[in-house]
Amino acid sequence: MKATLRRSTGALLASSLLLTIGRGATLPFMTIYLTRKYAMTVDTIGYAMTIALTIGVIFSLGFGILADKFDKKRYMLLAIAAFIAGFIAIPLVNSVTLVVLFFALINCSYSVFATVLKAWFSDALSSTEKARIFSLNYTILNIGWTVGPPLGTLLVMYSINLPFLLAAICAALPLVFIQRYVQRIVVADKENSPAAWDPTVLLHDKALMWFTCSGLLASFVGGSFASCISQYVLAIADSEFAEKVVAVILPVNAVIVVTLQYAVGRRLTASNLRPLMTFGTVCFVLGLLGFMYSGSNLIYWGLAAAVFTLGEVIYAPGEYMLIDNIAPPGMKASYFSAQALGWLGAAMNPMLTGQILTHLPSASLFMIMIAAIVMAWFLIQKGMRASRRKEIASL
């Protein structure tokens, strides 16, 4: 890797870490903020959070697709500026509606940054470097989520507004890093001439459709698993035991992701993607079965979380590689934006989990999730076959 490319990659990874720390320091405390300042009930807060997350994902699709028409470096700077504006505005307004809209802006701008970041890596890096950097970025995201919430906990003891200030400060540094150290990427300089920018291509790409639907189901299973587990334990036990379970599974998840994500992800290639995604699916299924039968044994909860996380460390870079393999040059951001629609599954998880636990036996939650991740694997196979047919037809 050239020195300029290495410096650009380092600056972008550092920016990804800082933005995630800021988001991690605020997102877990939004419920507390809405309760203290606006006296909202728990169910109302749940709807407000789901609305904000959903709006953010949907709008990020449009803005992410447009990123292919503009300089990606400048686009990331604009997304970060919007990210900062949202965090500055929330403590200053005195309206629940405005808070939800600014929170949606934060989620939209963060999603746009993450999408364009992946597109930049996809355009700039060689095929052997992409899996390694995608995995490294996912490891960094988990470090950010490990560091952010404790910082938010510390700051909220002094003022409910301080986490928002921390997020704005953390996001200000990436503005400097990206402006000074990140080089502009011209796709036309690559060996393959870029495809004409045409968003309608997304609607006709069957492989993309299958991979996006797979991502929707996979993010429902793995995207919000900590909150899902806490809701489940609250349904079968009490808040005291739920705190113990979360205190076990979160560190296990963080340790395994940080230690194994890079080592596993860098070995993903187009040739071994199918068997590894199959192995990841098996790990998800075994982990969910472990959760279902863990009962009051915290050791079993920890072991189940470890197996479940093995599926996560394979799926995270694997889904990026699936999209990168089918996205034509000049349309990378558009394809990654479409993939980001899959995060609607994670956004809907708390609400759907609550409905399942309210109207069905508690154990049925994990059976539904097992069915969802198996279906996600099946859709990946269909997407791979569609991609192979497309390649053959283009020869």
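Working note: 222 nm ellipticity from helices only, DSSP H runs with n ≥ 4, each -39,500 (n - 2.57), summed and divided by the residues of the chain, gives -28000 deg cm²/dmol to the nearest 500. Our note on the geometry: Cα centres of segment 280-303 and segment 307-337, 26 Å apart.
A Gaussian network model of the chain, with springs between Cα atoms under 10 Å, assigns the largest mean-square fluctuation among Asn137, Asn297, Asn349 to Asn297.
Enter the Cα centre distance for the pair segment 357-372 and segment 1-26, rounded to the nearest angstrom. Each part's Cα centre sits 38 Å from the other's. Taken along the Cα-to-beta-carbon direction at a fixed 7 Å, the label points for Leu173 and Ser362 span 4.2 nm.
Where the alpha-carbon atoms of segment 196-390 are placed on the principal axes, they occupy 57, 36, 23 Å, in descending order. Its relative contact order, with pairs defined as Cα atoms under 8 Å and 6+ residues apart, puts the chain at 27 percent. Taking one quarter of the surface of the C-alpha convex hull of segment 28-77 gives a mean projected area of 4.5 nm².
Helices meeting the span-like rule in the chain (full DSSP H runs, Cα extent of at least 18 Å along the helix axis, mean Kyte-Doolittle score of -1.0 or higher): 3-26, 42-66, 72-89, 96-124, 127-156, 162-181, 206-222, 239-265, 273-294, 298-326, 344-359, 364-394. State log₁₀ I(q)/I(0) for the chain at q = 0.06, 0.07, 0.10, 0.13 Å⁻¹ as given by the Debye formula over alpha-carbon point scatterers of equal weight, solvent excluded. Here the Debye-derived log intensity ratios amount to -0.22, -0.31, -0.64, -1.13. Legend: residue pairs Lys37/Lys72; Lys69/Lys130; Lys2/Lys69; Lys72/Lys382; Lys2/Lys72; Lys73/Lys206, Cα-Cα distance threshold 28 Å; pairs beyond threshold, Lys37/Lys72; Lys72/Lys382; Lys73/Lys206.
Where a number appears in this text, it was derived from the coordinates with a stated rule and is not lab data. The shown structure was predicted, so the numbers you read here are calculated from the model rather than taken from an experiment. Every residue, glycine among them, receives a Cβ derived from its backbone with ideal geometry; neighbour counts consider all protein chains shown.
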